[in-house]
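Novice: This is the structure I have questions about; it appears just below.
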Amino acid sequence: MKAYAFDYVRAATLVEALSLLERAGEGGKLIAGGQSLVPALNLRLLAPQILIDIAQLPELRGITSDDTHIHLGAGTRHAELATSALVGQHVPLLQTAIRHVAHAAIRNRGTLGGNLAHADPASELPACMIALEATMLVVGPKGERRIDAIDFFKGLYETALEADDILVRISIARSPAETRVHFNELARRAGDYAMAGLAMVMHGTQPQGLRIRPVFFGIGDRPTLASHAARCLEQAADPMAGLAAAQQALSQDLSPQEDLQADADTRMQLARVLLKRGLTDLLAQGRG
Amino acid sequence: MSGPLSPLDRPNSYIGRTVPRPNLERLVEGRGTYVSDMTLPRMGHVVFVRSPYAHARIVDIDTGAAKQGEGVIAVVTGAELVEQCSPWVGVLSHLKGLKSAPQHAMAVDRACWQGEAVCAVVANSRAQAEDAAELVQVQYQELEPVTDMRTALEPHIPVIHAELGDNLAFERSLDAGEVDKAFSEADAVAEAEFVFGRHTGVTLEARAVLADWNPGERRLTVYQGTQAPHMMQNIFAKHLALEEAQVRVVCKDVGGSFGIKVHVYADEMATAALSKRLKRPVKFVADRIESFVTDIHARDHICKGRIAVKQDGTITAFAIDDLTGIGPYSMYPRTSAIEANQVVNLVGGPYQARNYRARARVVFQNKNVMCQYRAVGHPIACSVTEGLVDLAARAIGMDPLEIRSRNLIKDDAYPTDSPSGLKFESLSHHASLAKLKQMMDYDGLRAEQKRLRRQGIYRGIGLASFIEVTNPSAAFYGVGGARISSQDGVSVRMDATGAIIVQTSLTEQGQGSEALTAQVVASALGVTLDKVRVILGDTDNTPYGGGTWASRGAGIGGEAAWQAGKALRMNILEVAGTILQTVPDMLDIDQGVVVDKGTTRERIGLDEVARIAYFRPDTLPADFQAELLATRHYVPRQYPFAFTNGIQASWLEVDTETGFITLLNHWCVEDCGTIINPQLVDEQIRGGVVQGLGAALFEHCRYDERGQLTNGTMADYLVPMASEMPDIEVGHVVSPTLESELGAKGAGEAGTAGAAACVANAVNDALEPFDVTITEIPLTPSLILNALGRRGG
Ligand SMILES: Cc1cc2nc3c(=O)[nH]c(=O)nc-3n(C[C@H](O)[C@H](O)[C@H](O)COP(=O)(O)OP(=O)(O)OC[C@H]3O[C@@H](n4cnc5c(N)ncnc54)[C@H](O)[C@@H]3O)c2cc1C
């Protein structure tokens, strides 16, 4: 199929992009890497009148770091995340996760901002953002605002972004050396969206006072922090002792959905297995 | 190889050598010509409005608004196009009782599956045609769809074509030997119901056709990605009211076929009819969604099977009851009964058991049409047979390899036949089994399996012996009244510089027909490969013949090329003998030079022979005429099919907590007779295995109960991809067919025939400690978890 006819304009600055977006109103649509948008256009699921290309906006580019945080421009390509030394050093979770995102050709074009704005429930990166407690810098006609990752993802392809907002930058606290991270997903083919996945961060070293953030994706309509399960692990004498209870608690945390890949029961089973394997891995890292 | 020299052991023979394909460089340079690439002056693009319902009456079609669309050339309904194109019925007389209803190029008053075209929009560009197609207003009255093949024959289910009386398209029964006696005297009987998901052959290049009716010469030229140009020439002529001589079918580069492109598609017929109606070129390129709802689907069988075995491992009987749903029409002209028919023919085929009972029923449904796809029927027959053999082995506590070795037809038993009447010239089941055992280190793997099980790692070994139908004679289609040629023709000519031009009726869709033809001709003649150019895929410019399908290219077209090459060598040597005043018998050709036979003593170059023949015939005797063109045709006559055989094995791991399967290794030992190009054969095997593994684990056209395809995109229909594929090790045993000089049998479908069977067997082997048997593919994680009773809840 061919897309409906549309106009196209490449914005040179963030200000210009915002004003183009405002002027276009309902018919305007941002395009970054195009790796989610263009398939939707070709399937005629969307019919924007004008595409505003933000892929080259300088304000959206670059990976930087200060004393406490690492800042990722929304226009950062997946492939750049995969090879950035700063990312590897300070947010290793993201670098592990990115290898599971699509295929090389798509990673060369797809952007972090586009991925988060698209908010596919099976996508790896939104889950990482929640696990890492990232903050999104968003600019709209009324100015800037900061949104915590946990409040950003609202549902199936739904975020806190308004139609005239642009996601500019994502900031993530640098992980201290003792923080352990785990990433795993179950996809039937490498590069596919996950059937079930888990991004998990564990802060602290002593069995008491651990802070654990297991975030599941590909299970419900959005990435989900399994807080009941986390509490079971955190409050147990040692986390492994809390595993069985945590696995049980997942039924409070998650509302698995049925799709072509798996039914709800399968997904719940997979979530429990992922939690067990994730915890085993995190604890093994501490011994290693 | 030792032994006496065969006719193939010619000077500078290319038989048995891996040489680069002549078309490779052109294709990797991006200089292929696919129909999708072609543009003709005044060309229109057609887009079809397709039924969103599986079954619906067409009440009204309002084309008014669409006709006003930008760039629109014409909007034509199914009812209107009847003027240009007559309907067809997909039956063959040798498939007794097969019935079907007339099918039109576009639905006329009733759409019978989701995706059937009801109206065509032709515009200056594809995008404009799509825009206008949205303006076509079709009023449907939805009818009750028939979707479940299990209930399609029940009295309360509507009959799709009332005039046919019921939804049964075809039924075949067979009873050989003493089946009841064998079962009652068996020490153990095992049975299972095998379920095969509907899937399709996803070609890289979608179906594409560009039809150009030229009123000036009253000729229709159709550029088409097809496997059988001469068959299509006949069909276009027949249904567009033309003489065959008025139709030319040109088949340039084709991006994959796998049997998908050997059928008559309604939308392609409509495209040709539109060209005739509009008197201008019209092009249709299926997009991916259209491909999923209109490219033929395959498999979709439910087959109950039983096996009888003695305690010593002797298998005494097989019995099956197969059911398949084929969509609303039997496909034209090869019919949709062939797959079920093959299942009946092939079950039990590798084994000695003489008692066999089978029934197959083919029913209509309101889903996309089904027909022949790579390895037609073989994967079903092989999975059922090999699944049953493993169940029998388990029932008597025997090793799966051992039971096969006790029951496979002995290598010295040929010629022989099967209970279903298949004739086998010479197969090598035991040599193949022995080779496989050694290649995979069977005993070593068994030990490893045992060791790992103690650590909670569940790995399995699966075996699958198979036979494969190749080199079909007229018995396949011709005897049933179809104008589908089983013979092929090849013309070989030497031009004025000694270069060789070959025209063959084979076609090339990526499997290497061009390469094998060049190799065979170069070897037969005694010239180097770079001197040979092959022309194929043009009904105006090649001899008449079948094309490339059913693993027939090397065995049939290859033999015709061999014979034509030999004939031209004789002709050339006659000219050379005349020039050199010696008898042709004393001469030969080596590296493009005429030499004294059996030596490398050069006598005269081919360029010089050609120069004299074409420009100085005055120097030759007055009664001598040089003939530097030779044509030969070939078709097997002694055996209806040249059966090949082999065995495959899979080694895999099942994650019993997640239901995920990891393929670790795959082996295939096969016997396709003479190997012309080892690399081409190995890659045919590997490609075939991959498609079989796709069926085993991933590929599935999933319909809901309303007959809607729910996964018609490449995101939702999972094709096998490189990351999940294991190494595939290929071994060969060589038993040439003695029917032809070349001795080649087919290799195109062997991989697909057995791959899914051995994966399923390996999964059951891995899960043996859990005492579960899974006989359904694709083997999804949910299916495995279900079988293990491990669900989240
Ligand atoms: C075959 C295939 C497989 C894939 N597999 C995966 C996978 O496994 N995991 C995964 O996570 N993704 C996968 N993807 C999607 C891929 O990661 C996309 O690149 C990503 O989802 C979108 O990023 P993009 O830059 O291409 O955005 P685009 O496609 O350009 O845009 C996507 C949406 O985001 C909006 N948008 C883009 N940038 C901004 C911004 N800065 N501010 C506000 N809105 C914005 C656009 O308007 C649009 O609505 C796959 C894609 C393909 C084609």
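Novice: Let me have the relative contact order for segment B:103-231, percent, based on Cα pairs under 8 Å that are six or more residues apart. Display every interim value, and only then the final one.
Specialist: On the way: 59 pairs, mean separation 11.1, N = 129.
For segment B:103-231, the relative contact order is 9 percent.
Novice: Using Cβ counts within 10 Å as a stand-in for footprinting exposure, how do B:K96, B:K423 rank, fewest first? Could you put the intermediate results ahead of the total?
Specialist: Numbers: B:K96 11, B:K423 15.
Least crowded to most crowded, the residues run B:K96, B:K423.
Novice: Turning to a different aspect of this structure: If contacts are Cα pairs under 8 angstrom and at least 6 residues apart, what is the relative contact order of chain A in percent? Before the final figure, lay out the partial values.
Specialist: Details: 623 pairs, mean separation 40.9, N = 288.
14 percent.
Novice: Here's another thing I want to ask about it. At most 14 other Cβ atoms within 10 Å and a DSSP loop assignment: could you name the trypsin sites (Lys or Arg not before Pro) in segment B:535-614 that fit?
Specialist: B:R601
Novice: Show the residues, 5+ positions off or on another chain, whose built amide H is closer than 5 Å to the amide H of B:F660.
Specialist: So B:F660 has HN proximity to B:D655.
Novice: Which lysines have a Cα lying under 22 Å from the Cα of B:K304, excluding residues fewer than 8 positions away in the same chain?
Specialist: The reachable lysines, counting only those whose Cα sits under 22 Å from B:K304, are B:K181.
Novice: Describe numerically, in nm with one decimal, the distance between label points set 7 Å from Cα along Cα→Cβ at A:E158 and at A:R23.
Specialist: 3.3
Novice: Once Rh is set to the Kirkwood radius over Cα pairs, what Stokes-Einstein translational diffusion coefficient, in µm²/s, holds for chain A at a temperature of 20 °C and a viscosity of 1.002 mPa s? Provide the component values of the computation, followed by the final result.
Specialist: Details: Rh = 19.6 Å.
For these conditions, the coefficient is 110 µm²/s.
Novice: In addition: Mind checking Rg over Rh on segment A:60-173, alpha carbons, Kirkwood formula for Rh?
Specialist: 0.93
Novice: Give me the distance in nm between label points sitting 7 Å out from Cα along the Cα-to-Cβ direction at B:R17 and B:R454, one decimal.
Specialist: That separation, rounded to one decimal, is 5.4 nm.
Novice: Okay, next question. What does the convex hull of the alpha-carbon atoms of chain B project to on average, in nm²?
Specialist: Details: hull surface 145.6 nm².
Its Cα hull, projected and averaged over all orientations, spans 36.4 nm².
Novice: Gap in Å between the Cα centre of segment B:343-363 and the Cα centre of segment B:172-204?
Specialist: 7
Novice: Provide, as a two-decimal number, the C-alpha radius of gyration of segment B:368-448 over 2.2 N^0.38 Å, N being how many residues it has. Don't skip to the answer; put the middle values down first.
Specialist: Numbers: Rg = 15.5 Å, N = 81, 2.2 N^0.38 = 11.7 Å.
So segment B:368-448 has a normalised radius of gyration of 1.33.
Novice: Based on the mean of other Cβ atoms within 10 Å per residue, sort peptides A:14-21, A:123-130 so the most packed one is first. Mind dumping the intermediate values first?
Specialist: Numbers: A:14-21: 17.5, A:123-130: 27.0.
Descending mean neighbour count gives A:123-130, A:14-21.
Novice: Send over the semi-axes of segment A:225-280's equivalent ellipsoid, whole angstrom and largest first, taken as the square roots of 5 times the C-alpha gyration tensor eigenvalues. Intermediate values should be presented prior to the final figure.
Specialist: Values: eigenvalues 100, 24, 10 Å².
After diagonalising the Cα gyration tensor, the semi-axes are 22, 11, 7 Å.
Novice: Amide H to amide H, which residues 5 or more places from B:S330 or on other chains are under 5 Å from it, using H placed in the peptide plane?
Specialist: Close amide H contacts, sequence-distant or interchain: B:G90, B:A101.
Novice: Residue by residue through segment B:231-238, which ³J(HN,Hα) values in whole Hz follow from phi under the Karplus form 6.51 cos²θ - 1.76 cosθ + 1.60 (θ = phi - 60°), with glycine and proline marked x?
Specialist: Each residue's phi maps through the Karplus curve to give 4, 5, 4, 4, 6, 4, 4, 4 Hz.
Novice: Could you compute Rg(Cα) / (2.2 N^0.38 Å) for segment B:429-510, with N its residue count? Working shown, then result.
Specialist: Numbers: Rg = 24.4 Å, N = 82, 2.2 N^0.38 = 11.7 Å.
In units of the 2.2 N^0.38 Å rule of thumb, it is 2.08.
Novice: Of B:D771, B:D488, how do they rank once you tally other Cβ atoms within 10 Å and put the fewest first?
Specialist: Details: B:D771 7, B:D488 29.
Fewest to most other Cβ atoms nearby, the residues stand as B:D771, B:D488.
Novice: Give me the extension gain from A:S227 to A:R211: residue separation times 0.36 nm, minus the current Cα-Cα distance, reported in nm with one decimal. The partial results should precede the final answer.
Specialist: On the way: separation 16, 0.36 × 16 = 5.76 nm, distance 1.07 nm.
Contour length minus Cα-Cα distance gives 4.7 nm.
Novice: Continuing with the same structure: Give the long-range amide H neighbours of A:T159: residues separated by 5 or more places, or on another chain, with amide H under 5 Å away, using H modelled in the peptide plane at 1.01 Å from N.
Specialist: A:K154
Novice: Once the Cα gyration tensor of segment A:180-287 is found, what semi-axes does its equivalent ellipsoid get, as square roots of 5 times the eigenvalues, in whole Å, sorted largest first?
Specialist: Ellipsoid half-lengths, sorted descending, are 24, 15, 10 Å.
Novice: Tell me, which longest segment in chain B has none of the chymotrypsin sites (Phe, Trp or Tyr not before Pro) that fall in DSSP loops with at most 15 further Cβ atoms within 10 Å? All intermediate terms of the calculation are to be shown ahead of the outcome.
Specialist: Working: sites that count: B:Y544, B:F624.
That gives B:1-543 as the longest site-free run.
Novice: Cross-link candidates for B:K238: which aspartates and glutamates have Cα within less than 15 Å, leaving aside residues fewer than 8 places away along the same chain?
Specialist: By straight Cα distance, B:K238 reaches B:E83, B:E268.
Novice: Can you run phi through the Karplus equation (6.51, -1.76, 1.60; θ = phi - 60°) for segment B:721-738 and list ³J(HN,Hα) in whole Hz, with x for Gly and Pro?
Specialist: Per residue, the Karplus-derived 3J(HN,Hα) values read 10, 4, 4, 8, 7, x, 4, 10, 9, 10, x, 10, 10, 10, 10, x, 6, 8 Hz.
Novice: Taking 0.36 nm per intervening residue step and subtracting the Cα-Cα distance, what contour gain separates B:N541 from B:E217 on full extension? Walk me through the intermediate numbers first.
Specialist: On the way: separation 324, 0.36 × 324 = 116.64 nm, distance 1.78 nm.
Fully extending the segment from B:N541 to B:E217 adds 114.9 nm.
Novice: Can you list, largest first and rounded to whole Å, the semi-axes you get for segment B:268-350 by taking the square root of 5 times each eigenvalue of its Cα gyration tensor?
Specialist: On the way: eigenvalues 387, 29, 20 Å².
In descending order, the three semi-axes are 44, 12, 10 Å.
Novice: Less than 20 Å from a label point 7 Å out along the Cα-to-Cβ axis of B:R702: which backbone N atoms in segment B:113-135 qualify, by residue?
Specialist: Output list for this probe position: B:114-115.
Novice: Distance from the Cα centre of segment B:369-428 to that of segment A:94-120, in angstrom?
Specialist: 47
Novice: Any aspartates and glutamates with Cα under 12 Å of the B:K279 Cα? List them, leaving off those in the same chain fewer than 8 positions away.
Specialist: Of all the aspartates and glutamates, those that pass the test against B:K279 - Cα under 12 Å, at least 8 places apart if same chain - are B:D212, B:E217.
Novice: Looking at this model, which pairs from B:K67/B:K276; B:K410/B:K435; B:K67/B:K283; B:K310/B:K423; B:K99/B:K367; A:K29/A:K142 are more than 23 angstrom apart at the alpha-carbon? Intermediate values should be presented prior to the final figure.
Specialist: On the way: B:K67/B:K276 19 Å; B:K410/B:K435 15 Å; B:K67/B:K283 18 Å; B:K310/B:K423 26 Å; B:K99/B:K367 17 Å; A:K29/A:K142 18 Å.
Distance filter (> 23 Å) returns B:K310/B:K423.
Novice: What would the Debye formula give as log10 I(q)/I(0) at q = 0.09 Å⁻¹ for the alpha-carbon point model of the protein assembly as shown, no solvent?
Specialist: Relative scattering, expressed as log10 I(q)/I(0), comes to -1.15.
Novice: What range in chain A is the longest one free of chymotrypsin sites (Phe, Trp or Tyr not before Pro) that are in a loop by DSSP and have at most 16 other Cβ atoms within 10 angstrom? Let's see the in-between values first.
Specialist: Working: sites that count: A:Y4, A:F6, A:Y157.
Here the longest segment lacking exposed loop sites spans A:7-156.
Novice: Need one number for segment B:311-357: average projected area of the convex hull over its C-alpha atoms, nm². Display every interim value, and only then the final one.
Specialist: Details: hull surface 16.8 nm².
Result: 4.2 nm².
Novice: Considering Cα pairs under 8 angstrom that are at least six residues apart, work out the relative contact order of chain B and quote it in whole percent.
Specialist: The normalised contact order for chain B reaches 16 percent.
Novice: Under a crude label model (7 Å from the Cα following the beta-carbon direction), how far is B:E185 from B:L24 in nanometres?
Specialist: Going from the B:E185 label point to the B:L24 one covers 5.7 nm.
Novice: With N set to the residue count of segment A:7-53, report its C-alpha Rg divided by 2.2 N^0.38 Å to two decimal places. Walk me through the numbers before you get to the answer.
Specialist: Numbers: Rg = 10.5 Å, N = 47, 2.2 N^0.38 = 9.5 Å.
Dividing the Cα radius of gyration by 2.2 N^0.38 Å gives 1.10.
Novice: Taking GluC sites (Glu not before Pro) that fall in a DSSP loop and have at most 16 other Cβ atoms within 10 Å as cut points, what is the longest piece of chain B between them? Write out the running numbers ahead of the final one.
Specialist: Working: sites that count: B:E29, B:E70, B:E83, B:E134, B:E178, B:E185, B:E217, B:E243, B:E627, B:E705.
Longest gap between qualifying sites, sites excluded: B:244-626.
Novice: Same structure, new question: May I ask you to evaluate 6.51 cos²θ - 1.76 cosθ + 1.60, the Karplus curve with θ = phi - 60°, for each residue of segment B:665-676 and list the ³J(HN,Hα) values in order in whole Hz, giving x for glycine and proline?
Specialist: Those phi angles translate into 7, 9, 10, 9, 10, 9, 10, 9, x, 4, 9, 7 Hz.
The numbers here are math on the coordinates, done by the rules we state, and not lab data. Computed from a prediction, not measured in an experiment: that's the story for all the values here. As a convention, Cβ positions derive from the backbone with ideal geometry for all residues, glycine included, and neighbour counts pool all protein chains shown.
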